[in-house]
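Visitor: Attaching a single structure in structure tokens format; questions to follow.
Taken together, the values in this text are just the output of simple stated rules run on the coordinates, not laboratory data. Keep in mind it's a predicted model, so treat the numbers as computed, not measured. All Cβ positions, even for glycine, are placed from backbone atoms using ideal geometry, and neighbour counts span all protein chains on display.
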Amino acid sequence: MKVDGLQHTALFGPVESRRYGVSLGVNLLPGHYKICSFDCPYCECGPTDRITSAEIPKRLFPNGGDVVAALRNRLEQDRDSNRTIDAITLAGNGEPTLHPDFGQIMEAMGRVRDAWVPSARIIVLTNGTTLDRDPVREGLMVADERIIKVDAATDEMMARMNCPVGRQRIQDLIEGLDRLPTFFTQTMFVDGVVNNADDAHVAQWILLMGAIRPAQAQIYSTDRLPADTRVRPVSRERLDRIASRLIDSAGVPVTVYS
Ligand code: SF4
């Protein structure tokens, strides 16, 4: 689910997407403030406050019980109004797994989903920086789809594409993914002030994808106002060529979004 600017409430949408159908967004981050362990120059939420994100005081996060109660109330209203949703997507103002109660919230959301709209899929978009934490991995396993950001194949490219707030290496990501049974990946390709779509980096990225073997790779480019306006989108034709190279070289299923 694309997040266009900051979301001011715990729930947002629903929006209709080709992939997930009618998807209700859940924001586990503050309503007027982005918290993330990355500071991607293309981020639609704007720049990360790197000092505060490094400290991340718990009081900044919304109460998990309140978010789950809001979801339950919404699903109850939807049922009373004969409205339905196809997916519950955790995205929002930064990195959802940074919420200190992420694991418990996911368990509670799973129960609410089962009670009110059992056919809806729970989807989590994450940058994968917290996969070393047991409660995060356990929470992610409540989801039907775990979509992990993999924009970079090298530490140098990660430093430019994602600007980690803390110390984060590609090897950390590989080891974290190794502890997840199944996952999808999502890769933003951009050009301009940072370029992860050139042939040399794409070749390294394909090697990485062949090693981590996602159930599906999703690739796309930016189409909204990025945090850094010197970031430029990559054309659909270029994305299609990258997809073909990935299939031919690594045999990883891929979907191109544009
Ligand atoms: S990981 Fe997502 S929320 Fe965080 S800075 Fe990057 S694009 Fe923004």
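Visitor: How large is the helix-only mean residue ellipticity at 222 nm for the chain, computed as the sum of -39500 (n - 2.57) over DSSP H runs with n ≥ 4, divided by its residue count, in deg cm²/dmol to the nearest 500? Present the calculation step by step, with values, prior to reporting the outcome.
Guide: Working: 8 runs with 89 residues, N = 258.
Only helices count here, giving -10500 deg cm²/dmol.
Visitor: Follow-up. Using the 10 angstrom Cβ neighbour count as an exposure proxy, how do ILE51, ILE56 rank, fewest first? Please list the in-between numbers first.
Guide: Values: ILE51 8, ILE56 17.
With the sparsest Cβ surroundings first, the list reads ILE51, ILE56.
Visitor: How do LEU71, LEU6 rank when sorted from fewest to most other Cβ atoms within 10 Å of their own Cβ?
Guide: Values: LEU71 22, LEU6 18.
Taking fewest neighbouring Cβ atoms as first place, the list is LEU6, LEU71.
Visitor: If you don't mind, another one. Which cross-chain or sequence-distant (5 or more) residues have an amide H under 5 Å from the amide H of GLY46, H modelled 1.01 Å from N in plane?
Guide: Those qualifying (amide H under 5 Å, at least 5 residues apart or on another chain) are ALA227.
Visitor: Hey, another quick one. Arrange the peptides 86-98, 120-132 so that the one whose residues have, on average, the most other Cβ atoms within 10 Å appears first. List each step's numbers first, then the result.
Guide: Numbers: 86-98: 25.5, 120-132: 22.2.
Put in order of decreasing packing, that is 86-98, 120-132.
Visitor: What percent antiparallel are the DSSP beta bridges of the chain, to the nearest 5?
Guide: Of those bridges, close to 25 percent are antiparallel.
Visitor: So, one more: What shape does segment 1-131 take by its C-alpha gyration tensor, where a ≥ b ≥ c are the square roots of the eigenvalues and a/c under 1.5 counts as rounded, a/b above b/c as prolate, and the rest as oblate? Before the final figure, lay out the partial values.
Guide: Values: a/c = 2.04, a/b = 1.58, b/c = 1.29.
Judged from the Cα gyration tensor, segment 1-131 comes out prolate (a/c at least 1.5, a/b above b/c).
Visitor: How big is the Rg/Rh ratio for the chain, C-alpha atoms only, Rh by Kirkwood, two decimals? Could the numbers behind the result be given before it?
Guide: Working: Rg = 17.6 Å, Rh = 18.6 Å.
Radius of gyration relative to Kirkwood radius: 0.95.
Visitor: Amide H neighbours of LEU90 under 5 Å, counting only residues 5+ apart in sequence or on other chains, H built in-plane at 1.01 Å?
Guide: So LEU90 has HN proximity to VAL26, ILE123, VAL124, LEU125.
Visitor: If you count, for each residue, the other Cβ atoms within 10 Å and average over each peptide, how do 138-144, 236-242 line up from highest to lowest?
Guide: Ranking, from highest mean packing down: 138-144, 236-242.
Visitor: Taking θ = phi - 60°, what integer Hz values does the Karplus form 6.51 cos²θ - 1.76 cosθ + 1.60 yield along segment 191-205, in sequence order, with x for Gly and Pro?
Guide: 10, x, 4, 9, 9, 9, 9, 6, 4, 5, 6, 4, 4, 5, 5
Visitor: Starting from the 7 Å offset along Cα-to-Cβ, what nm value, one decimal, do you get for the label separation of ASN63 and SER244?
Guide: Reported label-point gap for ASN63 and SER244 is 5.6 nm.
Visitor: Oh, and also: Quick one: which residues, 5 or more positions from TYR20 or on another chain, have an amide H under 5 Å from its amide H? H modelled 1.01 Å from N in the peptide plane, none for Pro or chain starts.
Guide: none
Visitor: Let me ask something else. Students often check this: by mean Cβ neighbours within 10 Å, which of 248-258, 162-172 ranks highest, and how do the rest follow?
Guide: Values: 248-258: 14.6, 162-172: 16.5.
Ranking the peptides 248-258, 162-172 by packing returns 162-172, 248-258.
Visitor: When a footprinting reagent is the concern and you count Cβ atoms within 10 Å, what order do THR48, THR229 take, fewest first?
Guide: Details: THR48 23, THR229 10.
So the residues, fewest neighbours to most, are THR229, THR48.
Visitor: Another question about this same structure. Whole-Hz Karplus ³J(HN,Hα) for segment 170-178, in order, using 6.51 cos²θ - 1.76 cosθ + 1.60 and θ = phi - 60°, x for Gly and Pro?
Guide: 4, 4, 4, 5, 4, 5, x, 5, 4
Visitor: Could you give the dipole magnitude of the chain about its Cα centre, charging the beta-carbon of Lys and Arg +1 and that of Asp and Glu -1, in debye to the nearest 20?
Guide: Values: 30 positive and 34 negative charges, 50 e Å.
That gives a dipole near 240 debye.
Visitor: Can you find, among CYS45, SER119, ILE174, the residue farthest towards the positive end of the dipole of segment 11-256? Put +1 on the C-beta of Lys and Arg, -1 on that of Asp and Glu.
Guide: About the Cα centre, the residue reaching furthest to the positive side is SER119.
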